[in-house]
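Reading through the structure tokens given below for one structure.
Every number here is computed from the coordinates shown, using simple stated rules; none is lab data. The structure displayed is predicted, hence computed values, not measured ones. Virtual Cβ from ideal backbone geometry, glycine too; neighbours counted across all protein chains shown.
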Amino acid sequence: MVLGAMTAAAGYADRVMALASSHFASAERQFRFPLAYGNQRPYSSTWTVTGCGCVVIENSDAAAERAANQSPPLAKITAVTTGKIIDLGTRDSMNMGAAMAPAAVDTILQHLRDLDVEAEHYDKIITGDLGVIGRRILLDFMAQHEKNLTDIHMDCGIEIFDGSRQDTHAGGSGCGCSAVTLCAYILPNIFRGVWKRVLFVPTGALLSPVSFNEGQSIPGIAHAVAIEAVG
């Protein structure tokens, strides 16, 4: 979405499709024990979402043309903040929330500084797939910077599953987790006027089967996209 917005805003494209997907079995096979092994998962682990979400990003001229033709409701990307790699030494592949939360904190703080706004500028600040553990770490780190996100923070990894009925431990994960939640829940709420302004902060962990097997640390990264209702 960051790259698509830059491409459209710079006039290099009228419309860009941005999509992401993930699959439970492939992710588990790569980074964790084989499914057939049937190992006991720790409560810090997450459940990779099988799903795909896609958005179409238009430049202002194309969007105005659609609006004139009474198109469906629109939202606009008003700002983006590209994150940087943050590595605090987490090595547990069963606790992705701990690996990614520091990166989310860094990106959110940088975004607020860049735009010179407070966290309350947004109706919701929504992270990708930190899960229950990662959310707790995020809120603690933000509190150290005198930013209280308790009431406005939401995490796609927590929202994607029903924790009271589905035993997914810390929640959902994977690229599809953020994409599906954005397309099926976040954007519809913006269209309906439930939220006027949202900061969407997908999170990622930079590991591979090789780095994991060698016991290397797991760096994290997060990018922020500000999405606002139109009209």
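Mean sequence separation of contacting Cα pairs (under 8 Å, at least six apart), scaled by the length of the chain, corresponds to a relative contact order of 30 percent. Exposed loop sites are taken as GluC sites (Glu not before Pro) in a DSSP loop (any state but H, G, I, E or B) with at most 14 other beta carbon atoms within 10 Å; the longest stretch of the chain without one runs 1-117.
Among beta bridges from DSSP that stay inside the chain, the antiparallel ones total about 70%.
Amide H to amide H, with H built 1.01 Å from N, residue 48 comes under 5 Å of 173, counting only residues 5 or more places away or on other chains. Couplings for segment 54-61, taken from phi via the Karplus curve 6.51 cos²θ - 1.76 cosθ + 1.60 with θ = phi - 60°, read 9, 10, 9, 10, 10, 6, 5, 5 Hz in order; Gly and Pro are left as x.
Of the trypsin sites (Lys or Arg not before Pro) in segment 140-230, the ones in a loop by DSSP (not H, G, I, E or B) with at most 14 other beta carbons within 10 Å are 165, 192, 196. Residue by residue, segment 216-222 carries 3J(HN,Hα) couplings of 6, 6, 10, x, x, 8, 8 Hz when phi is fed to the Karplus relation 6.51 cos²θ - 1.76 cosθ + 1.60 (θ = phi - 60°); x denotes Gly or Pro. Karplus-derived 3J(HN,Hα) values for segment 120-126, using 6.51 cos²θ - 1.76 cosθ + 1.60 with θ = phi - 60°, are 5, 4, 9, 5, 9, 10, 10 Hz; glycine and proline are entered as x. Amide H of residue 22 versus every other amide H placed in the peptide plane: which residues, excluding those fewer than 5 positions away on the same chain, fall under 5 Å? Those qualifying (amide H under 5 Å, at least 5 residues apart or on another chain) are 51, 176. Pairs of Cα atoms nearer than 8 Å and 6+ residues apart set the relative contact order; for segment 1-129 it is 25 percent.
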